[in-house]
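K.L.:
Let me begin by handing over the structure; questions about it come next.
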Amino acid sequence: MANVTLDEVTKIFEDESGEIVAVDDVNIDIKDGEFLVLVGPSGCGKSTTLRMVAGLEKPTRGTISVDGEAVTHLSPQERNVAMVFQSYALYPHMTVRGNMSFGLEEATDLSDEEIHTRVEDAATMLGIDDLLDRKPDELSGGQQQRVALGRAIVREPDAFLLDEPLANLDAKLRSEMRTELQHLQEDLDTTTIYVTHDQTEAMTMSDRIAVLNDGKLQQIGTPLECYHRPNNQFVAGFIGEPSMNFLPVTLEDGRLVGEHFEYPLREETRANLGDQTDLVLGIRPEDIEILDAASGDHEFPGIVDVVEPMGNENTVHVAFEGQDRTESELTATISGMRNVEGAESIGVGIPENAIHIFDGETGESLHNRDLGDVEGDRPLRGAEAA
Ligand code: ATP
């Protein structure tokens, strides 16, 4: 167990076309035993960040430390971290037992008995103890994934570094493995850095999420902080499925004026906006109200474009009145038991306590939703920090 610190870490690659800043001045402090998920779109620099922690890439600038000791210039073998790759990287000619014990035989002076015990224990923990004599090509993808995890576990490392470990599995198995990995990490209590582009994995598995875009750290926080208190429009749009709705607006006389609507603001909301008048109004799909008709200040006449029934909920695409229906700007999620039809005229409620407002130029969050209304008797843990 260990805490892992990235201090002003930058990685610049050079190729014929010039410099690529893959990771740009990233600071992250991962606590002992913490499950940190590094998430972001393809090319944002998450694998490069993980590979620098593993020692597979050297940072151009900055320091990586494990328990306060700089490891930046140590080789992968000299760092007590274990990496699991998306491709599993198993040796095809070796059995499961061979794959799991090989690293210990080569790189440690553990006795054969100790190695045997570690392999047996890890295999039992992962439910692959009956597969120890098989070769990788005799295993399913999920079983191969477990072997790759087992090989990391037997090393008893200071930290696990997992790079998209579930990406090659089908949706059902991925969801099962998400839960299994969480239990495993809790049991082992080993610091874990987990890379994924999948915001569902980030939300469901992590103690904290670090969101990267274009090599830059956008936010680091609990899943609920990132969801309810996004630092900027990028995080707000990346975390959450379906994504938050964004409506470009200008601030005029205390109202947000969009192409098809005007939205009056309370003074407390207005006070958060400073002098910026070029803004973006954000609202999550589950916070939009689908009404029979519009009546209040924050309700607008609309027309349903299409409804996607999911069973448990319906995703409803809605256009504002006066807009071509097929240019629907809003996505709302409502109960699957509610019947709404395409082309139906409805009211759309955008409650002010649920709105986010972003700077239209920088994307910075100027105002985030109230949480008072969702706290109820039991405070919403993990989202309190502003
Ligand atoms: P993905 O999810 O697609 O794997 P990622 O977020 O993990 O993406 P990285 O693989 O870290 O992103 O890449 C970040 C940037 O650095 C990309 O623009 C990529 O093309 C570039 N890059 C990565 N490795 C190299 C390399 N060895 N040489 C040159 N450029 C590289």
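The values are calculated or read from the model by the stated rules, or taken from the named source; none is laboratory data. Fair warning: this is a prediction, and the values are worked out from it, not measured in the lab. Because the Cβ atoms are built from the backbone with ideal geometry, glycine has one as well, and the counts that use them run over all protein chains shown.
K.L.:
Considering only region 307-330, state which residues are over 26 Å from Glu259 (Cα atoms), surrounded by fewer than 17 Cβ atoms within 10 Å (Cβ to Cβ) and either among the hydroxyl-bearing types (Ser, Thr, Tyr) or touching a strand residue (DSSP E or B) at 6+ places or on another chain (Cβ under 9 Å) (or both).
P.N.:
Scanning region 307-330 gives Pro309, Met310, Asn312.
K.L.:
Give the residue, chosen from Asp207, Asp158, Asp163, Asp198, that is in contact with a Leu (Cβ under 6 Å, 6 or more places away or on another chain), surrounded by fewer than 22 Cβ atoms within 10 Å (Cβ to Cβ), acidic (Asp, Glu) and closer than 21 Å to Ile28 by Cα. Give the steps one after another, and end with the answer.
P.N.:
Values: Asp207 fails: in contact with a Leu (Cβ under 6 Å, 6 or more places away or on another chain); Asp158 fails: in contact with a Leu (Cβ under 6 Å, 6 or more places away or on another chain); Asp198 fails: in contact with a Leu (Cβ under 6 Å, 6 or more places away or on another chain).
Unique residue meeting the criteria: Asp163.
K.L.:
Which of (1) outside any loop (DSSP other than H, G, I, E, B); (2) farther than 20 Å from Gln185 by Cα; (3) within 16 Å of the ligand (Cβ to nearest atom) does Glu57 not meet, given it meets every other one?
P.N.:
Only one criterion in (1) outside any loop (DSSP other than H, G, I, E, B); (2) farther than 20 Å from Gln185 by Cα; (3) within 16 Å of the ligand (Cβ to nearest atom) is unmet by Glu57, namely (1).
K.L.:
Spot the failing condition for Ser295; the list is (1) at pLDDT 95 or above; (2) of a type in the set (Ser, Thr, Tyr); (3) more than 30 Å from Thr200 (Cβ to Cβ); (4) in a loop (DSSP other than H, G, I, E, B), and only one is missed.
P.N.:
That leaves (1) as the condition not met.
K.L.:
For region 353-369, which residues satisfy the criterion of being buried (at least 16 other Cβ atoms within 10 Å of the Cβ) and either free of Cβ contacts under 8 Å to residues at least 60 places away in the same chain or on the phi < 0 side of the Ramachandran plot (or both)?
P.N.:
At the first step, the residues of region 353-369 found to be buried (at least 16 other Cβ atoms within 10 Å of the Cβ) are 354-360, 363, 365-369.
Answer for region 353-369, where residues must be buried (at least 16 other Cβ atoms within 10 Å of the Cβ) and either free of Cβ contacts under 8 Å to residues at least 60 places away in the same chain or on the phi < 0 side of the Ramachandran plot (or both): Ala354, Ile355, His356, Ile357, Phe358, Asp359, Gly360, Ser365, Leu366, His367, Asn368, Arg369.
K.L.:
Next up: Looking at region 271-288, I want the residues that are of a type in the set (D, E, K, R) and have a partner that is part of a strand (DSSP E or B) with Cβ atoms under 7 Å, at least 6 apart or on another chain. Which pairs are those?
P.N.:
Sorted first by the residue in region 271-288, then by its partner, the pairs are Asp278/Thr250; Glu286/Thr333.
Residues checked against (1) surrounded by 17 or more Cβ atoms within 10 Å (Cβ to Cβ); (2) of a type in the set (D, E, K, R); (3) modelled with pLDDT of 95 or more; (4) within 13 Å of the ligand (Cβ to nearest atom):
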{"position": "Ala22", "(1), (2), (3), (4)": "yes, no, yes, yes"}
{"position": "Asp29", "(1), (2), (3), (4)": "no, yes, yes, no"}
{"position": "Lys46", "(1), (2), (3), (4)": "yes, yes, yes, yes"}
{"position": "Arg51", "(1), (2), (3), (4)": "yes, yes, yes, yes"}
{"position": "Gly68", "(1), (2), (3), (4)": "no, no, no, no"}
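K.L.:
Given the criterion in a strand (DSSP E or B), hydroxyl-bearing (Ser, Thr, Tyr) and assigned by TED's automatic domain parsing to the domain that holds Glu201, identify the matching residue among Thr72, Thr10.
P.N.:
Thr10
K.L.:
Take region 252-274 and flag every residue that is surrounded by fewer than 19 Cβ atoms within 10 Å (Cβ to Cβ) and either in a loop (DSSP other than H, G, I, E, B) or touching a Ser or Thr at 6+ places or on another chain (Cβ under 8 Å) (or both).
P.N.:
Hits for region 252-274 are Glu252, Asp253, Gly254, Val257, Gly258, Glu259, His260, Arg266, Asn272, Leu273, Gly274.
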